[in-house]
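Data first, discussion second: the structure below is written as structure tokens.
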Amino acid sequence: MFARVALIGMGLIGSSMALAMRRAGLAGEIVGAARSAATRDTALRLRLADAMFAEAAEAARGADLVVLATPIGAFGAIAAEIGEVLEAGAIVTDVGSVKGMVLRDVAPHLPLNVHLVPGHPVAGTEHSGPEAGFAELFENRWCILTPPDDAEAAAVDKVAELWRRMGAKVEIMPAQHHDLVLAITSHVPHLIAYNIVGTASDLETVTQSEVIKFSAGGFRDFTRIAASDPTMWRDVFLNNKEAVLEMLGRFVEDLTALQRAIRWGEGETLFDLFTHTRAIRRSIVEAGQETAVADFGRRQPAQGE
Ligand SMILES: NC(=O)c1ccc[n+]([C@@H]2O[C@H](COP(=O)([O-])OP(=O)(O)OC[C@H]3O[C@@H](n4cnc5c(N)ncnc54)[C@H](O)[C@@H]3O)[C@@H](O)[C@H]2O)c1
Ligand SMILES: O=C(O)C(=O)C[C@]1(C(=O)O)C=C[C@@H](O)C=C1
């Protein structure tokens, strides 16, 4: 599909893309950029790339597809570095967890003859770095593309086809809508996990390690999410501020309602909510996880809501 693919950033997502593209034979040559010599060596040892460069511009030179796969806070500076060396007709895409900011930070640095097709594979783990990747990561998972209004259809189709051949299902939507949906399905859940693990660790001084000792159930699941990369998630919250604050506001209101229900012994309120949420989980599992994003927001309002 592409003669030379440049992966800027060779962490979990970059390395998984390299492996998935190699497996499906989608790139003549894969090159990568990583700032640290250790990452460049690891990428070469694992045969993720045919060549690794310290500078993003060196990797992007001559590439017909450039993928930004670093934390999103670095996108603007990288786009400024590669803007001048990009070939006419090249496609630039990204895998960032927030999409509105790509149009803001990346688009202004690209020449008019280069196609920008932002993307977000909704698949990941709490692990980071070039050794964390695996070729199956995107299988049967959504990849959301958020092309700008004036994007060339052929470039969008090509990026969509790339993701399909890596095993993903593709959906296209406006960047702003993506950021609102992902705020509630991914960003706020991560904030809740970071917060509850932080609160528990504050209590730990009081309970003397009981938090760790008894963390076999629900809390343990939160600690997996709270182990996610700090740089990546700092950048997500700084760059999806409005949508996260909007969803967090609703979350706090609903939490307050639950607090009241507990205080006043309103068992029916609790039971009804827990029954509803159990049904959501079951429908996600039955659909193989993929309805989580697509069906967001379609809940029927409860009586009096
Ligand atoms: N981890 C996930 O679950 C997940 C899922 C979907 C999308 N994403 C998005 O994918 C992107 C990469 O995430 P990841 O999980 O692969 O992170 P990661 O930490 O595993 O890898 C990021 C890599 O980028 C490198 N890097 C950082 N700044 C750089 C710079 N200025 N120039 C060159 N390299 C730089 C880091 O050294 C690291 O190797 C992020 O934008 C994230 O929002 C992550
Ligand atoms: O499964 C996990 O570890 C994830 O957090 C993956 C997850 C998510 O929230 O679903 C995290 C961030 C991404 O942008 C996409 C996927």
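Tabulated values for the structure
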quantity	calculated
Residue in the stretch 7-24 that is surrounded by fewer than 24 Cβ atoms within 10 Å (Cβ to Cβ), within 30 Å of Val244 (Cα to Cα) and among the basic types (Lys, Arg) present	no
The stretch 181-212, residues that are polar (S, T, N, Q) and more than 16 Å from ligand 1 (Cβ to nearest atom)	Asn195, Thr199, Ser201, Thr205, Thr207, Gln208, Ser209
Residue in the stretch 49-68 that is small (Gly, Ala, Ser), surrounded by 16 or more Cβ atoms within 10 Å (Cβ to Cβ) and within 16 Å of ligand 2 (Cβ to nearest atom) present	no
Spans of helices (runs of 4 or more DSSP H) in the stretch 46-158 with at least 1 residues β-branched (Val, Ile, Thr)	75-82, 100-105
Neighbours by Cβ (under 9 Å, 6+ apart or cross-chain): first from the stretch 13-34, under 16 Å from Glu55 (Cα atoms); second among the hydroxyl-bearing types (Ser, Thr, Tyr) and part of a helix (DSSP H, G or I)	Gly32/Ser15; Gly32/Thr39; Ala34/Thr42
Test: residue in the stretch 184-200 that is touching a helix residue (DSSP H, G or I) at 6+ places or on another chain (Cβ under 7 Å), in contact (Cβ under 8 Å) with a residue 12 or more places away in the chain, hydroxyl-bearing (Ser, Thr, Tyr) and in a helix (DSSP H, G or I)	yes
Residue ID - surrounded by the most Cβ atoms within 10 Å (Cβ to Cβ), chosen from residues in the stretch 104-130 that are within 26 Å of Glu87 (Cβ to Cβ) and within 16 Å of ligand 2 (Cβ to nearest atom)	Pro118
Top-ranked residue in the stretch 1-20 [being in a helix (DSSP H, G or I) and either in contact with a helix residue (DSSP H, G or I) (Cβ under 6 Å, 6 or more places away or on another chain) or of a type in the set (Lys, Arg) (or both); ranked as nearest to ligand 2 (Cβ to nearest atom)]	Leu12
Failed condition for Arg164, given (1) of a type in the set (Lys, Arg); (2) farther than 20 Å from Arg104 by Cβ; (3) touching a residue at least 40 places away in the same chain (Cβ under 8 Å)	(3)
Breaking point among (1) farther than 22 Å from Leu48 by Cα; (2) more than 11 Å from ligand 2 (Cβ to nearest atom); (3) crowded, with 18+ Cβ neighbours inside 10 Å, for Ala193	(2)
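Any read-out appearing in this document is the output of simple, stated calculations on the displayed coordinates, not a laboratory observation. The structure presented is a predicted model; accordingly, all values stated were derived computationally and were not measured. All Cβ positions, even for glycine, are placed from backbone atoms using ideal geometry, and neighbour counts span all protein chains on display.
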